[in-house]
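The next block holds one structure in the form of structure tokens; read it before the comments.
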Amino acid sequence: MTVGSSTLRAAFARRFDGPPDVVWRAPGRVNLIGEHTDYNDGFVLPWALPLGVSAALRRNDSGVLRMVSLQHGDEVVEAGVADLEPGSVPGWAGYPAGVVWRLRRAGLPVGDAGFDLVVDGDVPAGAGLSSSAALECVVVRAIDDVLGLGLTGPDAAAHARGAENEFVGVPSGVMDQMASLMCAEGCALFLDTRSMATRQVPLDLDPGAGGGLALLLVDTNAPHRLVDGEYADRQRACAAGARALGVPALRDVPLAGLDDALARLDDEVVRRRVRHVVTENARVLDVVGLLDAGRPEEIGPLLTASHASLRDDFEVTVPELDTAVAAALDAGALGARMTGGGFGGSVVVLARTDAAGAVTDAIAAAFADRGYAPPRALPATPSAGAHPITDD
Ligand code: GAF
């Protein structure tokens, strides 16, 4: 688990001789449903994990960023604030540096302040759980706090996303940053990525009689494959589909008009990408409706349908993800799907509480049979979005 605030403060004092001005924490996320919809102006439904990134930050007024990650040893990465430009800071430090670059470029009064920063995290990298968004978001909030910028959640998310897309050069939508910043304990965040309207949807999984439900999170430990190029390729295909259909974004294709829309598309691959996004948006709305109606046990088939669509139409799954989902369903899960960008990463499973152990055992057994690296169950309690921490 992540070190507490006092340990992080002590680490900061050791490296930078004195206390930080602030300590913040921002979580990683798991997406219940709404995958590859956020760059199509669509709907998403993530919740925040108990795993996250903590940051101790102090303004140093030297015009220099001095950055330490407790996951990367004792090295202090330094970068001049005025010299920052996309690609200029490699590795993990590119994310915090990118945030400073983005805030300055947006004309916010960051000036050449400079910051000392120590970060520590426990979101596994490469598990599709937004470790990078947690890092960007914790730094945005810490700087916002120190400088009194008063950023709204959507503004903070836009800067965090901008750091990732424009400075580090990794394409993404805005779901992960909004989840890390805006989620509330016990809830999933229903986000309309066009209007940026949000609503907290309680994940009330204990219906009482008949036993409770559990949402399980399992990291497949599958290595990410070709993820950058493939993600950008999906974005391009979706943009091409919207252009061919004469709509601003695939969000504007209604489910009722899907067959007509598909008939107007010549490209078979684009047709399948469009079908995924349009049906996925509808599934998000259906899941939200069922959760609102207090019928969480009925969302299972929608989760499983989402996985099938991501596997067959969007083609972002890998054998480990498909194996985990199939094994979970065979063991009695009510629904299961990959979560996040795909090409590796994690699955989310809805199961009756009394079947949860059998489900995780079945996934582990299926992986052992196929010679895959062992999967890892992760804690997934719906947790709070970014917040300051004052002590342990
Ligand atoms: C990644 C991206 F960062 C998100 O914006 C989103 O597109 C997701 O893949 C797929 O839903 O996590």
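The values are calculated or read from the model by the stated rules, or taken from the named source; none is laboratory data. Note that this is a predicted model, so its numbers are computed, not measured. For neighbour counting, all protein chains shown are included, and Cβ atoms are generated from backbone atoms with ideal geometry for every residue, glycine included.
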Check on Glu185, of a type outside the set (Gly, Ala, Ser), part of a loop (DSSP other than H, G, I, E, B), touching a Pro at 6+ places or on another chain (Cβ under 9 Å) and touching a residue at least 24 places away in the same chain (Cβ under 8 Å): yes
Leading residue by the ranking (surrounded by the fewest Cβ atoms within 10 Å (Cβ to Cβ)) among those in the range 77-131 that are touching a strand residue (DSSP E or B) at 6+ places or on another chain (Cβ under 8 Å) and at positive phi: Gly91
Conditions (1) closer than 20 Å to Ala188 by Cα; (2) touching an Asp or Glu at 6+ places or on another chain (Cβ under 7 Å); number of the one not met by Val347: (2)
Inter-residue pairs, beta-carbon under 6 Å, first more than 12 Å from Glu320 (Cβ to Cβ) and in the range 367-378, second hydrophobic (A, V, I, L, M, F, W, C) and at pLDDT 95 or above, 6+ apart: Ala377/Val218; Leu378/Leu217
Residue match in the range 56-64 (condition: buried (at least 19 other Cβ atoms within 10 Å of the Cβ) and over 25 Å from the mean Cα position of the chain (by Cα)): yes
Test: residue in the range 217-239 that is within 15 Å of the ligand (Cβ to nearest atom), assigned by the TED database to the domain that holds Pro50 and over 25 Å from Trp92 (Cβ atoms): no
Selected residue (criterion: nearest to the ligand (Cβ to nearest atom)) from residues of the range 144-182 that are assigned to a loop (DSSP other than H, G, I, E, B) and β-branched (Val, Ile, Thr): Val174
Count of the range 119-143 residues which are of a type in the set (A, V, I, L, M) and either part of a loop (DSSP other than H, G, I, E, B) or more than 20 Å from the chain's Cα centre (by Cα) (or both): 5
Checking Gly385 against (1) assigned to a loop (DSSP other than H, G, I, E, B); (2) in the same structural domain as Asp233 (by the TED database), the condition it does not meet: (2)
The range 3-31 residues that are within 18 Å of Gly73 (Cα to Cα), paired with ones that are part of a strand (DSSP E or B) and among the small types (Gly, Ala, Ser) (beta carbon under 7 Å, 6 or more apart): Leu8/Ser54; Leu8/Ala56; Arg9/Ala56; Phe12/Ala56
Identity of the residue in the range 4-30, touching a helix residue (DSSP H, G or I) at 6+ places or on another chain (Cβ under 7 Å) and under 20 Å from Cys183 (Cβ atoms), that ends up surrounded by the fewest Cβ atoms within 10 Å (Cβ to Cβ): Val23
